[in-house]
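Asks: Input: one structure, supplied below.
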Amino acid sequence: MPELSQHKSAPLASVPHPVDVHVGARIRLRRRLLGLSQEKLAEALGLTFQQVQKYERGSNRVSASKLYEISRTLQAPISFFYEGLPDAESGGAMPTSSDGSPTADLLLTTEGPALAAAFPRIRSPEARRNLLDLIKTLAG
């Protein structure tokens, strides 16, 4: 029987699995939708905010029991965290971040939730169109 020291070690800079990245992005999306900081979520889960950061980046895999706790804390069904992943039978490519929808991408930015909340409060349709034109121009 070979000694443990003879086994190959894992690469130092391993790349997170795309599913872990996706689940982490969905955790971040839901947390932001609820207006929770990483610190508040971590406190509710009995973790450090650094651990929540690692989950959200996908650099640490979320265990089944922890995902259950996260789903209860964030008031979302467990299936929410897998939405947007391709069906294994469809042969779709694995995503690398969010589900790819512009709405999810917006809400994953730091300013996105505030922008999404403020935009509908602009009463003037012309002002909303002008703002949209400005954003499109800035985006190139």
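The values are calculated or read from the model by the stated rules, or taken from the named source; none is laboratory data. Every value quoted in this text rests on a predicted model; they were computed, and no experiment measured them. Because the Cβ atoms are built from the backbone with ideal geometry, glycine has one as well, and the counts that use them run over all protein chains shown.
Asks: Whether any residue in segment 83-104 is within 28 Å of Lys40 (Cα to Cα), modelled with pLDDT of 85 or more, assigned to a helix (DSSP H, G or I) and out of contact with any strand residue (DSSP E or B) (no Cβ under 8 Å at 6 or more places or on another chain) is what I want to check.
Replies: no
Asks: Only residues that are aliphatic (A, V, I, L, M) and in a loop (DSSP other than H, G, I, E, B): list them for segment 31-53, please.
Replies: Leu34, Leu36, Leu47
Asks: Continuing with this model, one more query. Only one residue in Val52, Val62 is modelled with pLDDT of 95 or more, touching a Phe, Trp or Tyr at 6+ places or on another chain (Cβ under 7 Å) and either under 14 Å from Val21 (Cα atoms) or of a type in the set (A, V, I, L, M) (or both). Which one?
Replies: Result of the check over Val52, Val62: Val62.
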